[in-house]
1. Go over the candidates Leu362, Leu333, Leu319 one by one and state the one that is open to solvent by less than 10 Å² (accessible area, probe 1.4 Å) and in contact with a Gly (Cβ under 6 Å, 6 or more places away or on another chain).
2. Looking at (1) out of contact with any Phe, Trp or Tyr (no Cβ under 7 Å at 6 or more places or on another chain); (2) touching a residue at least 40 places away in the same chain (Cβ under 8 Å); (3) within 15 Å of the ligand (Cβ to nearest atom), can you tell me which one Ala161 breaks?
3. Please specify each residue of segment 97-111 satisfying the condition of being in a helix (DSSP H, G or I) and not hydroxyl-bearing (Ser, Thr, Tyr).
4. For segment 20-64, name all the residues that are away from the ligand (no atom under 16 Å from the Cβ) and hydroxyl-bearing (Ser, Thr, Tyr).
5. I'd like the full set of residues that are free of Cβ contacts under 8 Å to residues at least 60 places away in the same chain, among the hydrophobic types (A, V, I, L, M, F, W, C) and surrounded by fewer than 18 Cβ atoms within 10 Å (Cβ to Cβ), limited to segment 139-151.
6. I'd like the full set of residues that are open to solvent by 10 Å² or more (accessible area, probe 1.4 Å) and not aliphatic (A, V, I, L, M), limited to segment 251-268.
7. Which condition number in (1) away from the ligand (no atom under 16 Å from the Cβ); (2) among the polar types (S, T, N, Q); (3) surrounded by 18 or more Cβ atoms within 10 Å (Cβ to Cβ) is the one that Ser75 fails?
8. Could you go through segment 201-210 and let me know if any residue there is more than 13 Å from the chain's Cα centre (by Cα) and either more than 12 Å from the ligand (Cβ to nearest atom) or acidic (Asp, Glu) (or both).
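The values are calculated or read from the model by the stated rules, or taken from the named source; none is laboratory data. Note that the structure is a prediction, hence the values are computed from the model and not measured. A quick note on method: Cβ atoms are made from the backbone with ideal geometry, for glycine too, and the neighbour counts reach across all protein chains shown. Please note that ligands, DNA and RNA were not included when accessible areas were found on the heavy atoms of the full protein model with its side chains. Shrake-Rupley method; radii C 1.70, N 1.55, O 1.52, S 1.80 Å.
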Amino acid sequence: MNTAFDAATLANRATSALRAYDPGHDLPALRLRFGAVLSELGSNENPLGPSKLAMRAATRVLEDIWRYPDPLGASLKAKLSSELGVPVSGITLGNGSHELLMLMAQCFADAEHPVVHSQFGFAVFPIAAAAAGARSIAVPALPADHPDAPYGHDLPAIAAAVTDDTRLVYLANPNNPTGTWFTDAALEAFLSTIPAQTLVVVDEAYHEYVDAEGLSSGLHLLTRYPNLIVTRTFSKAYALAGLRIGYMLSHPSVAAVCERLRESFNVNGVALAAAEAALGDHEHRARVRETNRRDRAWLAGELTARGLRVLPSQTNFVLVDLGRDAAAFEAHLFERGVIVRPMGGYRLPHTVRVSVGSRAELERLLENLP
Ligand SMILES: Cc1ncc(COP(=O)(O)O)c(C=O)c1O
């Protein structure tokens, strides 16, 4: 290798400001090391797995992988349109919702038009801004001892940080990594104060898990607020994380702008077919939701009983505030094949995020706590 050559010096200004994604531990190696007793509680995956209908649809499509997929995803969009009551022209499909979050900044933000998000908001938000060469403003989160949403989004403070130049606001509801949420009424009050030329993205990756009072979705506000955008994913409750598919609901003109930059075949045919079948399996979705609700409450209760502080969550994970640096706690579990996610990258080094895995995985976590 020619060590004198270093392409890092050639990266454009936006890319120079970025660091590569930290994928966490080497999970394939850990699967070999620990086998069936590995407890993977670091990535917020769904331990029930996908709907059988989705699996069957995916398998059928394998015969056609020599063809390009439908670049419009028309069949899935029609299904989403009828399930959600939104026009097809307002639906954009993505290679995971991550891609859509990035796409919006690429299409709408730039050096003159900054992005606003919450401190401890989903990590992709500032990355999307930086990749678009835009400044991102992280608004201080609610305090750690807030009764409803510790470390959560402070919507009035976010609204106060928005100016006429702000082109994008990213909110996550519920948020990763905090698990916190805000109500539909709070979202509406927020939107009523935001300039019409500022796009507000509500990332609802965990939407299918929510059951708190006053919380459903931003979806019903789309017609009243054309600057509102809702993103969702098939990675979590639908358990199709490996296929990479998400969707965005917006005013048709927002979708039309995104079409200019979207890669023509960004979503593969297996993902399109599996997602469409998964949407139709209401029974599986209800089972996933109920199992998560039950096990999340059980896990929170067990951890609390052992003296740990578990933050309120409307997702398929909980954030545990240890009140001290989490490195030794995480390392202790890691050596015993229990993978949880330390949150130092979010500047929350005293916390770990724990997915609501299978009962067996969660029991191994409890048995192995330091
Ligand atoms: C809040 C939030 N948004 C978006 C995503 C991206 O999900 P995907 O790209 O798998 O759709 C995640 C994944 O962890 C998330 O937690």
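1. Values: Leu362 fails: in contact with a Gly (Cβ under 6 Å, 6 or more places away or on another chain); Leu333 fails: in contact with a Gly (Cβ under 6 Å, 6 or more places away or on another chain).
Step by step, each of Leu362, Leu333, Leu319 is checked, and only Leu319 is open to solvent by less than 10 Å² (accessible area, probe 1.4 Å) and in contact with a Gly (Cβ under 6 Å, 6 or more places away or on another chain).
2. Condition (3) is where Ala161 drops out.
3. The answer is His98, Glu99, Leu100, Leu101, Met102, Leu103, Met104, Ala105, Gln106, Cys107, Phe108.
4. Scanning segment 20-64 gives Ser39, Ser51, Thr59.
5. The answer is none; no residue qualifies.
6. Hits for segment 251-268 are His251, Pro252, Ser253, Glu259, Arg260, Arg262, Glu263, Ser264, Phe265, Asn266, Asn268.
7. So the condition that Ser75 fails would be (3).
8. Yes, segment 201-210 contains a residue that is more than 13 Å from the chain's Cα centre (by Cα) and either more than 12 Å from the ligand (Cβ to nearest atom) or acidic (Asp, Glu) (or both).
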